[in-house]
1. With the requirement that a residue be in contact with a Gly (Cβ under 7 Å, 6 or more places away or on another chain) and not aliphatic (A, V, I, L, M), what does region 128-140 give you?
2. Within 30 Å of residue 140 (Cα to Cα) and either among the small types (Gly, Ala, Ser) or modelled with pLDDT under 95 (or both) - does that describe any residue in region 62-81?
3. Between a residue in region 94-112 that is without any contact (Cβ under 8 Å) to a residue 40 or more places away in the chain and any residue that is surrounded by 15 or more Cβ atoms within 10 Å (Cβ to Cβ) and part of a strand (DSSP E or B), which pairs come within a Cβ distance under 7 Å, given they are 6 or more apart or on different chains?
4. Can you pull out every residue in region 116-160 that is part of a strand (DSSP E or B), of a type in the set (Gly, Ala, Ser) and over 23 Å from the mean Cα position of the chain (by Cα)?
5. Considering only region 135-146, I want to know if a residue exists there that is loosely packed, with under 14 Cβ neighbours inside 10 Å, basic (Lys, Arg) and either under 25 Å from residue 45 (Cβ atoms) or out of contact with any Lys or Arg (no Cβ under 7 Å at 6 or more places or on another chain) (or both).
6. Tell me the residue from 93, 68, 85, 64 that is open to solvent by less than 40 Å² (accessible area, probe 1.4 Å), of a type in the set (A, V, I, L, M) and under 16 Å from residue 170 (Cα atoms), please.
7. Is it the case that region 73-82 has a residue that's among the aliphatic types (A, V, I, L, M) and without any contact (Cβ under 8 Å) to a residue 60 or more places away in the chain?
8. Here are the criteria: (1) more than 23 Å from residue 106 (Cβ to Cβ); (2) open to solvent by 10 Å² or more (accessible area, probe 1.4 Å); (3) modelled with pLDDT of 85 or more. Tell me which single one residue 42 does not satisfy.
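The values are calculated or read from the model by the stated rules, or taken from the named source; none is laboratory data. Please read all numbers here as calculations on a predicted model, not as lab measurements. Glycine gets a Cβ as well: all are built from the backbone with ideal geometry, and neighbour counts include every protein chain shown. Ligands, DNA and RNA are excluded from the accessible area calculation, which covers all protein heavy atoms including side chains. Shrake-Rupley method; radii C 1.70, N 1.55, O 1.52, S 1.80 Å.
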Amino acid sequence: MSASRGTQRSDSATDRLTGWIRPVVTEAGYDLEELVVTPAGRRSVVRVVVDRDAGITLDDIAEVSRAVSDVLDRNDDGMGRTPYVLEVTSPGVDRPLTEPRHWHRNTGRLVAVGVGPAGATEQLTGRITAVDEDGVTLAVEAKGKPGTKKRPPQPRRVPWAELGAGRVQVEFGRADALDDSTDDIAEHDAAEHDDLDQAGLADDDGGEK
């Protein structure tokens, strides 16, 4: 999985960790959205982003954190050790909607997205009203002249092939606006461990970061 922030460690190390962690996350009923390993001084940060249709609570984060910690401990076979911090979190509101499941989980939310064929993309802001195997339906506010009566949003059907990466728009008037602005920082449970199978997380010469 690719990193979205920071400097990711070697692909081989991330791939190995993903091979250990994804089955555990899936078995617990969640999707592994991202796994990023970044150096932080003399240690590494293993950041695991999970989600599911029913949403993520603090208890869910704690459950996944324990499961991931256990699998990392089981795979510590003495090949070389380095301190690390495990951070399990849910997707933040700034994470782009790139997969059908992302759009489905955000049904009812206002999003900004580029739509249309390559070379003729149109930027739209609309509310997700339906998601199925063929695409997404957005309720798009009709453009009108200043001073004229505002028309109700019009449905716009967009097939997957013409749908770009969506961005959820924070609506401060919504009852869940607080959740919109704090998903990425409030719903996490960080646990520090003293060792981890090197798996590419230590320096090439076997020293600690």
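1. Taking region 128-140 as the starting set, the residues that turn out to be in contact with a Gly (Cβ under 7 Å, 6 or more places away or on another chain) are 128, 138-140.
Correct list: empty.
2. Initial filter on region 62-81 (within 30 Å of residue 140 (Cα to Cα)): none.
No - not one qualifying residue is present in region 62-81.
3. Pairs found: 107/128; 107/131; 108/127; 108/128.
4. Within region 116-160, the subset part of a strand (DSSP E or B) is 122-131, 135-140, 154-159.
From the residues that got through so far, the ones that are of a type in the set (Gly, Ala, Ser) too are 126, 130, 135, 139.
Scanning region 116-160 gives a single hit, 139.
5. Filtering region 135-146 down to residues loosely packed, with under 14 Cβ neighbours inside 10 Å leaves 142-146.
Restricting the remaining residues to those that are basic (Lys, Arg) gives 143, 145.
Of the ones still in play, those that are also either under 25 Å from residue 45 (Cβ atoms) or out of contact with any Lys or Arg (no Cβ under 7 Å at 6 or more places or on another chain) (or both) are 143, 145.
Yes, that holds for at least one residue.
6. Numbers: 68 fails: under 16 Å from residue 170 (Cα atoms); 85 fails: under 16 Å from residue 170 (Cα atoms); 64 fails: under 16 Å from residue 170 (Cα atoms).
After applying the criteria, what remains is 93.
7. Keep residues of region 73-82 that are among the aliphatic types (A, V, I, L, M), which gives 79.
This time we only want the ones that are without any contact (Cβ under 8 Å) to a residue 60 or more places away in the chain, so: none.
No, the conditions are met nowhere in region 73-82.
8. Answer for residue 42: the failing condition is (3).
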